[in-house]
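Presented below is the structure to which this report refers.
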Amino acid sequence: MCIETQKKDQFLIVTFLEKRLSAALLRMKALIQAGHQYILLDLSHVDFIDSSGLGAIVSSFKLLGNKGNFVLCGVHGAVMSLLNLTRMDRVFPIYASLEEAIRDAH
């Protein structure tokens, strides 16, 4: 799984650079355990999320709990359809772009 991370203000921006998102829980768990409390997942490169990928996102959200904020951005196409179908669009704040998510956080 190819992931790029960067800090921007209080957010740790995690960008998935692959078109398919499968289980990434170990990497996300390590980032949360490292003390990052505001995580922004940039899914703009992702065209497909399988059940293990969705499970990894939900597990990461639960692991973070009330200690921080977990935001999705760049969601489109089949990925947005999956989030709508599973009603995860009601669980996670979702923004059209990285810039919009960062701007709204201030």
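Each value in this text was obtained by applying a stated rule to the coordinates, not by laboratory testing. No experiment lies behind these values; they were computed from the predicted model shown. Don't worry about glycine lacking a Cβ; one is built from the backbone with ideal geometry, like all the others, and counts go over all protein chains shown.
For segment 3-105, relative contact order (Cα pairs under 8 Å, six or more residues apart, normalised by length) works out to 25 percent. How would you classify segment 26-106 from its alpha-carbon gyration tensor, with a ≥ b ≥ c the square roots of the eigenvalues: rounded for a/c under 1.5, else prolate if a/b is greater than b/c, otherwise oblate? Oblate shape, in that a/c is at least 1.5 and b/c is the bigger or equal ratio. Considering only beta bridges that DSSP places wholly inside segment 3-105, some 30 percent are antiparallel. From least to most packed, judged by other beta carbons within 10 angstrom and beginning with the fewest, LEU17, LEU72 follow the order LEU17, LEU72. Neighbours of PHE61 by Cβ distance under 12 Å: Lys/Arg scored +1, Asp/Glu scored -1, total +3.
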